[in-house]
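The values are calculated or read from the model by the stated rules, or taken from the named source; none is laboratory data. It should be emphasised that the depicted structure is a prediction, and the values quoted were computed from it without experimental measurement. With ideal geometry, Cβ positions are generated from the backbone for all residues, glycine too; neighbour counts draw on all protein chains shown.
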Amino acid sequence: MLTRVHKTYPALKHGGYSATTILPGEDSAAFEKLRQQLIAEYSPEGMLEHDAIATMARLFWRKQNLATFRVAELARERCQALQSERIAAALAEKDRLSFMPVNPAALEPHERKAAIQAAEAQARKELGEAYEFVEVGETATVERLLRDLGVEDRLDAMIDKCLKRLLFLRGIKSLPMASSSAPPQPIAEPQRIPGPTKAA
């Protein structure tokens, strides 16, 4: 049985990683270049336009770097495999030293922890920088990306609703106001223009 040890990666404590932005191992300079290209192309003015460009940059970036999620998945799978191997090895060693068969759940907490720490050390060595994906956990998953995009979509819809209301209210305020003391003016009836008559 695998025991997951959840660590909080420093960037996660500060909101540094999101499935919709730059993930470990991705080039932040290349992301900034993409963002600047979009700014140059669309020349945004004001907070709303800059927010739209920032969202576009994140979505373009994620589309161009979908392979990052596969790398993250492989890193997590390898780490889990190493944990399973180390726990199995610890059980085998305990079984070898015991006079009776060992129950698979017979590892003491400190033995399980030592096996997991040894697996983590080996994973860090094997995976190098890709080990960061193990530390960020579910952040670097397609499921998390879809969940984040869903939340962003709902927030954008709410912002759009507020913006439409604001524009509606501004439109009403810009209409000329009729004086409340002046009597209403009657609307002239349209005049009929006689058409050609039928000859008998």
If you check A75 against the conditions, is it of a type in the set (G, A, S), at pLDDT 85 or above, part of a helix (DSSP H, G or I) and surrounded by 14 or more Cβ atoms within 10 Å (Cβ to Cβ)?
yes
Consider F31 carefully, then state whether it is modelled with pLDDT of 95 or more and on the phi < 0 side of the Ramachandran plot.
yes
Per the filter on region 79-92, residues buried (at least 19 other Cβ atoms within 10 Å of the Cβ) and of a type outside the set (A, V, I, L, M) are C79, Q83, R86
Can you name every residue in region 14-62 that is within 17 Å of V142 (Cβ to Cβ) and of a type in the set (D, E, K, R)?
E26, R58, R62
Taking region 27-50 and keeping residues without any contact (Cβ under 8 Å) to a residue 12 or more places away in the chain and under 17 Å from the mean Cα position of the chain (by Cα) leaves S28
Going through region 159-186 in order, the residues found to be at pLDDT 75 or above and more than 30 Å from T55 (Cβ to Cβ) are L175, P176
Unique residue being in contact with a Cys (Cβ under 9 Å, 6 or more places away or on another chain), assigned to a helix (DSSP H, G or I) and within 23 Å of L23 (Cα to Cα) when the list is L127, L59:
L127
